[in-house]
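Report on one structure; see the data block that follows.
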Amino acid sequence: MTITADDSRVHGYDDLPGLMSLMTGDEKHGPAATSTLDVLWVLYDRVLRVTPQRRDDPARDRFLLSKGHGPMAYYAVLAAKGFVPVDRLAGFGTYDSPLGHHPDRVLVPGAEIASGSLGHGLPIAVGSALGLRAQGLHDPAVWVLIGDAELDEGSNHEAIAFAGPAALERLHTIVVDNSSASHGLPGGIAARFEAAGWSAVTVDGRDHEALYAAFTAPHPGRPHVVVARVEPKAA
C-alpha cells in the first residue's frame, strides 16, 4: 500500500515498510533499523502501557531505545501509533527536522532518552527502575532495547551485574542479536544475564507470537531479558 506524507489513517504492521520508505535521508543505518522492527511493533502494539495521551503520565511504562543509531523503525512505529505526525517522516535527517539520526528526547514525542552512543541505555534503564522504586511507583515497567554489539561496552556489564542482585523485576531488556558483536560468543548472551541473576529467554526476533510470549513471561523478583535473534548483519 502506498503511503504519503499527508496520510492520516490508523496504521498497522503492514504499513511500516511504507512509513519507513518516507525517510529518504542519508546515513540511515539500514540494518540497525530493520533488525528492530518486529520487536518495536510487538512492544508498542501489545505490551507497552503508553499512548500519545499518556506520555507524561507518571504511571506509564517507560521504553528506552539504546540502539538509537538506526532509528527509522522507531520513528515509523511512533508515527503508526500517533506519537509523531506521518508528515514529519519525510524530513528525516534534515537540518531542521526533529527526527535526527539519533533520537532526541526533547524533540521526539514519546522518546524517553537521547540515544545512539553505545552502552548508555541499559545503565539509564537501571537508574530509571531504581528511581521509580524509590518513588513508590511499583507498577510501571521499564523496557530498554539494546543491540548485541552494545555488550562490547563495559558499562552494560556493570548494569547487568547490579540489576540482578537488586531484584529490579520491573526492568526488562531486549537484546536484538544480529551477530554484530566483536567480543560476544554465539549463544552466550542469555547465559551472561542468567549468571547475574536475571530471567532470560531467547527467541526468533521476527516471530511476533514468540516475542509476545517472551515479553509477558513471569519473572518474580528478577529483571528479565529477551534475546531476539535476527538475521546476521551483512558485512
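The values are calculated or read from the model by the stated rules, or taken from the named source; none is laboratory data. Small disclaimer: the values here were computed from a predicted structure and weren't measured. Backbone-built Cβ (ideal geometry, glycine too); neighbour counts: all protein chains shown. Heavy atoms of the whole protein, side chains included, go into the accessibility calculation; ligands, DNA and RNA do not. Shrake-Rupley method; radii C 1.70, N 1.55, O 1.52, S 1.80 Å.
Some points to look at:
- Matching residues, the stretch 87-101, being acidic (Asp, Glu) and assigned to a loop (DSSP other than H, G, I, E, B): Asp96
- Residue match in the stretch 32-48 (condition: at pLDDT below 80 and of a type outside the set (S, T, N, Q)): yes
- Residues in the stretch 72-87 include none that are modelled with pLDDT of 90 or more, farther than 17 Å from Ala33 by Cα and in contact with a strand residue (DSSP E or B) (Cβ under 7 Å, 6 or more places away or on another chain).
- One residue stands out among those in the stretch 208-235 that are without any contact (Cβ under 8 Å) to a residue 24 or more places away in the chain and over 16 Å from the mean Cα position of the chain (by Cα): the one that is surrounded by the fewest Cβ atoms within 10 Å (Cβ to Cβ), which is Ala235.
- None of Asp57, Asp104 is out of contact with any strand residue (DSSP E or B) (no Cβ under 6 Å at 6 or more places or on another chain), assigned to a loop (DSSP other than H, G, I, E, B), modelled with pLDDT of 95 or more and not basic (Lys, Arg) except Asp57.
- Residues of the stretch 172-186 classified as modelled with pLDDT of 75 or more and closer than 23 Å to Ser199 by Cβ, total: 8
- If the condition is being under 15 Å from the mean Cα position of the chain (by Cα) and either of a type in the set (Ser, Thr, Tyr) or surrounded by fewer than 20 Cβ atoms within 10 Å (Cβ to Cβ) (or both), then the stretch 182-207 contributes only Arg206.
- Qualifying positions in the stretch 94-124 - open to solvent by 30 Å² or more (accessible area, probe 1.4 Å) and either in contact (Cβ under 8 Å) with a residue 60 or more places away in the chain or of a type in the set (Gly, Ala, Ser) (or both): Thr94, His101, Ala114, Ser117, Ile124
- Subset of the stretch 45-67 (residues that are open to solvent by 40 Å² or more (accessible area, probe 1.4 Å) and within 23 Å of Pro123 (Cβ to Cβ)): Arg55, Pro58
- Failed item, numbered, when Pro165 is tested on (1) in contact with a helix residue (DSSP H, G or I) (Cβ under 7 Å, 6 or more places away or on another chain); (2) modelled with pLDDT of 95 or more: (1)
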